[in-house]
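Colleague: Please find one structure pasted underneath; my questions will follow.
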Amino acid sequence: MRKPWNLPDLPVHSLMTMGTGERVNMNICTYATAVSMRPKRYAIAVYHGTRTLENLCGSGQAVLQYLHPDQVGLVRQLGLKSGMGFDKDAWLRTGGRLSDWRGHSVLTGASALVELRMVDRCAAGDHDLYLFDAAASKTLRDGVLTTGDLRRAGIIR
């Protein structure tokens with residue numbers, strides 16, 4: 001039987017961050033949720049020792065991408081490989097995986113996008129918890145990839 005925190009069927013996101021030289025990094029995150037209506041604010045937990053955390057410490061900006069169910073194939077590259085040892089920027093720039101939105105490189109085919117600006121951050125165990133305000137958002141298509149989809153695909157248990 002699963003642990004209580006693994007019972008909910010959560011949306012799967014990818015957090016796009018920019019490194020030095022405008023190099024794109026994207027991860028997979030399920031520890032992300034809206035926590036306020038006005039202003040629209042998100043809480044997102046970012047794992048220690050990651051390129052995502054390093055990029056956020058430098059810029060405080062990101063784009064939260066709600067993945068579409070047909071993007072399940074991206075999860076192994078973006079979530080099971082570390083940006084510290086795998087060049088996600090080079091991988092993403094091949095095969096038409098990126099589009100431009102508001103000057104940001106985002107995943108082609110995502111369900112929705114939210115441009116984020118950091119408000120605060122605090123240590124939270126093996127993650128840092130970030131509070132972001134939504135600067136802009138756009139829904140592109142219906143349907144959201146979930147942790148249930150990842151279980152059915154054999155990516156998580």
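Values in this text are rule-based calculations from the coordinates and carry no lab data. Please read all numbers here as calculations on a predicted model, not as lab measurements. Cβ sites come from the backbone with ideal geometry, for glycine too, and all protein chains shown count toward neighbours.
Colleague: Taking R0 as 25 Å, what's the FRET efficiency between Trp91 and Ala124 from their Cβ-Cβ distance, rounded to 0.05?
Modeller: Working: r = 29 Å, r/R0 = 1.16.
For Trp91 and Ala124, the calculated efficiency is 0.30.
Colleague: Would you list which lysines come within 21 Å of Lys138, measuring only between C-alpha atoms, while excluding same-chain residues fewer than 8 positions from it?
Modeller: Candidates past the 8-residue exclusion: Lys40.
Colleague: If you add up the charges near Arg41, with Lys and Arg at +1 and Asp and Glu at -1, over every other residue whose beta carbon is less than 14 angstrom from its beta carbon, what do you get? Let's see the in-between values first.
Modeller: Working: positive: Arg38, Lys40, Arg117, Arg121; negative: Glu115, Asp120, Asp133.
Taking every Cβ under 14 Å from that of Arg41, the sum is +1.
Colleague: Multiply the residue gap between Ala153 and Ala134 by 0.36 nm, knock off their C-alpha separation, and tell me the result in nm, one decimal place. Walk me through the numbers on the way to the answer.
Modeller: On the way: separation 19, 0.36 × 19 = 6.84 nm, distance 3.12 nm.
Gain on stretching Ala153 to Ala134: 3.7 nm.
Colleague: Stick to Cα atoms and the Kirkwood definition of Rh, then tell me Rg/Rh for the chain.
Modeller: Details: Rg = 14.7 Å, Rh = 15.8 Å.
Ratio of gyration radius to Kirkwood radius: 0.93.
Colleague: Give the relative contact order (percent, whole number) for segment 4-152; include only Cα pairs under 8 Å separated by 6+ residues.
Modeller: Numbers: 293 pairs, mean separation 45.5, N = 149.
Relative contact order here is 31 percent.
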